[in-house]
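Each reported figure results from applying straightforward, stated rules to the coordinates on display, with no laboratory input. Just so you know, these numbers come straight off a predicted model, no measurement behind them. A quick note on method: Cβ atoms are made from the backbone with ideal geometry, for glycine too, and the neighbour counts reach across all protein chains shown.
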Amino acid sequence: MSPCKDRLAISALTLLLAVNSVAPASAADEPPALDIAGAMRASFKDKKQATLARLEQDETQRLCSAPGGALSPADASRIVEINRATLAGPSDGVYLGDHTAGERVAMTGSGLQWNDDPTKPNGGNCYACHEMAAKELAYGTLGPSLKHYGKLRGASPQMLEYTWNKIYNSNALVPCSLMPRFGHQRILTEQQMKDVMAYLFAKDSPVNQ
Amino acid sequence: MGRWLACLGLAAALVSGAARAADATEQALDEYRDMFGDENPAELWELRGQALWTEKRGPRQADLTACDLGLGPGVVAGAYAQLPRWFDDTGRVEDLEMRLVTCITRLQGYSEAEVLARRFGDGDKKSDLEALSVYIAKASSGQPVNIPLRHSAEQRAYALGEAAFFYRAGPHDFACATCHGDNGKRIRLQAMNKLSDAEGARRSYTQIPAYRTSQGEVRTIGWRLYDCFRQQRLPELRFGSEVAVGLSLYLARNAEGGVMAAPSIKR
């Protein structure tokens, strides 16, 4: 056997040993990382307007998906920063619309589900989580009570802007808030958000009775 | 149904506060349950399920009594309280409905598509899977949920189910955890349970399958997940997908130690 052939044989043996010693150890110590996004994609199918594209997470959704809700201070700041950058006030500077129309938005829970008619306006479903007008008893408690919202807080420019921002993109104020980002995600139109604002602030709105 | 609505309407008219309205809803439901005494309309599904289990049907004219639900061929008693679980013969983790589809296709010779065409009952078009699920779940009534996660595939399915439970997506940023992340909160008047913890998971999981008064149908965990994702504004959850199995295993494991009380009566 020539020296050259010996060296080749030794190299091949070394390579074999290296592969043998590394591969089983890594497989045992590190199971493949959980690919939740891939699993979600594989586990759903398009249905009418609810397409697979809806499973793709933006950065906020990804950071807000840790089991148990764990969130580092750095990620919390990051979420507020990227969502603040999306905020936009009403195009004509007028915050308040029609409170009667706003009540309809607050009461309506349909919109964007695959069984909903996409030609109809989406609801805001505020009552699913918030107490609002005293007369409506069927309210949820996931969010704080908004009863007498304007009566208690007044309608200063700061309060109007704060409330608009909260509706437009809740994560600009509270990272990983449970509340949908109604303006940023185009769930509600600008006019619908103005109408909900009026429902919260108008003196003659049922919310303030 | 009419009596139920009248009962709810009367109860709602008698109260003023919303918390009391919520209590009244629960109370009306209790009264509705009392009207049936120990009976539950789900018994009709149970009887039909029992017949479907023992009748010779399908291209192969076979019954399902050779079906192994995890405790050996034909053993129904206590099987549901230990599902989902790993099955050697299919090489995967299966929940009750997946296992039933496995048995129906293998033993009776129906195609999966035929079985799933009527997965969810609707009026006169009743679901065989829902009937069989009630029959089998009822045979675990009184048994503690027991999900030891011995197989590595079960552990992986649990981890996937947990990640899916907290996965926020869609136009509303909803995850399962958005609504099921706390005990004692309500959506409108509906009380919600924290399904990531034993207390809340036991309270919810042990009641399903359930007869739904609002639908006049019996619904399983599989339907519950399918319909929750609709409300999350996400696309349709595929039957037997890894997220579907993972989530039902996640909920079952979290409910471990809870005593099965299905079928129950729900709103």
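Semi-axes of the equivalent ellipsoid for the stretch A:44-110, computed as √(5λ) from the eigenvalues of its C-alpha gyration tensor and ordered from largest down, come to 29, 22, 13 Å. In vacuo Debye scattering of the stretch B:157-267, one point per C-alpha: log10 I(q)/I(0) at q = 0.09, 0.20 Å⁻¹? Debye curve over Cα of the stretch B:157-267, log10 I(q)/I(0) at q = 0.09, 0.20 Å⁻¹: -0.21, -1.19.
With the convex hull built on the Cα atoms of the protein assembly as shown, state its orientation-averaged projected area in nm².
Working: hull surface 123.7 nm².
Computing the convex hull of the Cα atoms and averaging its projections yields 30.9 nm².
Remark: for residue pairs A:Lys47/A:Lys151; A:Lys48/A:Lys166; A:Lys194/B:Lys185; A:Lys151/B:Lys266; A:Lys45/A:Lys194; A:Lys151/B:Lys185, the C-alpha separation exceeds 32 Å in A:Lys47/A:Lys151; A:Lys151/B:Lys266; A:Lys45/A:Lys194.
In plain terms, if you count all Cα to Cα distances in chain B and split them into 10 Å steps from zero, the share in each step is 7, 29, 36, 21, 6, 1, 0 percent.
I want the antiparallel fraction of DSSP beta bridges within chain B, as a percent rounded to 5. In chain B, DSSP labels about 80 percent of beta bridges as antiparallel.
Taking N as the number of residues in the stretch A:114-178, what value does Rg over Cα atoms divided by 2.2 N^0.38 Å take? Don't skip to the answer; put the middle values down first.
On the way: Rg = 14.0 Å, N = 65, 2.2 N^0.38 = 10.7 Å.
In units of the 2.2 N^0.38 Å rule of thumb, it is 1.30.
Considering the dipole of the protein assembly as shown built from charges on the beta carbon (Lys and Arg +1, Asp and Glu -1) around the Cα centre, which of B:Gly49, A:Tyr127, B:Tyr167 is farthest to its positive end? Towards the positive end, the residue furthest out is A:Tyr127.
Provide a whole-number value for the mean count of partner chain Cβ atoms within 10 Å of the Cβ atoms in peptide B:240-247. Intermediate values should be presented prior to the final figure.
On the way: counts 1, 6, 5, 8, 2, 1, 3, 1.
Mean shielding by partner chains, rounded to a whole number: 3.
Going by Cα centres, the stretch A:60-129 and the stretch B:114-191 are how many Å apart? Using only Cα atoms, the two centres lie 27 Å from each other.
Distance between the modelled labels on A:Val94 and B:Glu55, one decimal in nanometres: 6.6 nm (7 Å Cα→Cβ projection). Over the stretch A:138-209, the reciprocal of the mean inverse Cα-Cα separation, the Kirkwood hydrodynamic radius, stands at 12.8 Å.
Of the complete DSSP H runs in chain A, those spanning 27 angstrom or more by Cα along the long axis with a mean Kyte-Doolittle score not below -0.5 are A:3-29. The loop-placed trypsin sites (Lys or Arg not before Pro) in the stretch A:58-154, going by DSSP, that have at most 10 neighbouring Cβ atoms within 10 Å of their Cβ come out as A:Lys135. From least to most packed, judged by other beta carbons within 10 angstrom and beginning with the fewest, A:Ser43, A:Ser156 follow the order A:Ser156, A:Ser43.
Kindly provide the helix-only [θ] at 222 nm of the protein assembly as shown, computed as the sum of -39,500 (n - 2.57) over DSSP H runs of four or more divided by all residues, to the nearest 500 deg cm²/dmol?
Details: 19 runs with 209 residues, N = 476.
Rounded to the nearest 500, it is -13500 deg cm²/dmol.
Solvent-free Debye calculation, one equal scatterer per alpha-carbon of chain A: log10 I(q)/I(0) at 0.09, 0.11, 0.15, 0.18 Å⁻¹ equals -0.50, -0.65, -1.05, -1.34.
Within straight-line reach of B:Lys194, meaning a Cα separation under 20 Å, sit the following aspartates and glutamates at least 8 residues removed in sequence or on another chain: B:Asp23, B:Glu26, B:Glu162, B:Asp173, B:Asp182, B:Asp227, B:Glu256.
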